[in-house]
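The values are calculated or read from the model by the stated rules, or taken from the named source; none is laboratory data. Because the structure is predicted, anything quoted here is derived from the model rather than measured. As a convention, Cβ positions derive from the backbone with ideal geometry for all residues, glycine included, and neighbour counts pool all protein chains shown. Heads up: the accessible areas ignore ligands, DNA and RNA and are worked out on the full protein's heavy atoms, side chains in. Shrake-Rupley method; radii C 1.70, N 1.55, O 1.52, S 1.80 Å.
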Amino acid sequence: DLVRRDAARVFSLKTAKMGGLQPARRIAAIGEAAGVRCFVNSMIEAGVAVAASLHLAATVPNLVDHGHALMSNLRIKRDVLAADSFAYDGRNILVPMDCAGLGVQLDERALAEMTVGRIVLRG
């Protein structure tokens, strides 16, 4: 609807709010087809969600050149990621390459301390 009405020049992609990587990528593709640029935004997520958004950003060819919110996990008191999960090149966060999954490591101790309950799903 935004594209049909020519109502947006930039789409704000929030991976978690949009329902995950696939829906967010679909919205970016709509923007790309319509000539609408995108930037990756956050909702003050933990590092795992930031890593997912970083991977999304790496696949979107129509990104704006700056202004992406990819380090919102630094705004929270404590995260469940290991301290060295993200690599930087100067001021830029680098996309993990040659790794499984999102390329980050959990801080198992922090995760255990923050866990308030567990549910085990059996298939």
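Residues of region 34-46 that are outside any loop (DSSP other than H, G, I, E, B) and open to solvent by 40 Å² or more (accessible area, probe 1.4 Å): 34, 37, 39. What residue, among those in region 9-33 that are in a helix (DSSP H, G or I), over 21 Å from residue 44 (Cβ atoms) and of a type outside the set (Val, Ile, Thr), is most open to solvent (accessible area, probe 1.4 Å)? Residue satisfying both the conditions and the ranking: 26.
Filtered by the rule that a residue be in a loop (DSSP other than H, G, I, E, B), under 25 Å from residue 113 (Cβ atoms) and open to solvent by less than 30 Å² (accessible area, probe 1.4 Å), region 47-95 gives 79, 80, 82, 85, 86. One residue alone among 28, 24, 33 is in contact with a Lys or Arg (Cβ under 9 Å, 6 or more places away or on another chain) and either at pLDDT 95 or above or farther than 19 Å from residue 87 by Cα (or both), and that residue is 24.
Contact map, region 89-102: first residue under 15 Å from residue 54 (Cα atoms), second residue modelled with pLDDT under 85 and open to solvent by 90 Å² or more (accessible area, probe 1.4 Å), Cβ cut-off under 8 Å, separation 6 or more or different chains; pairs are 94/88.
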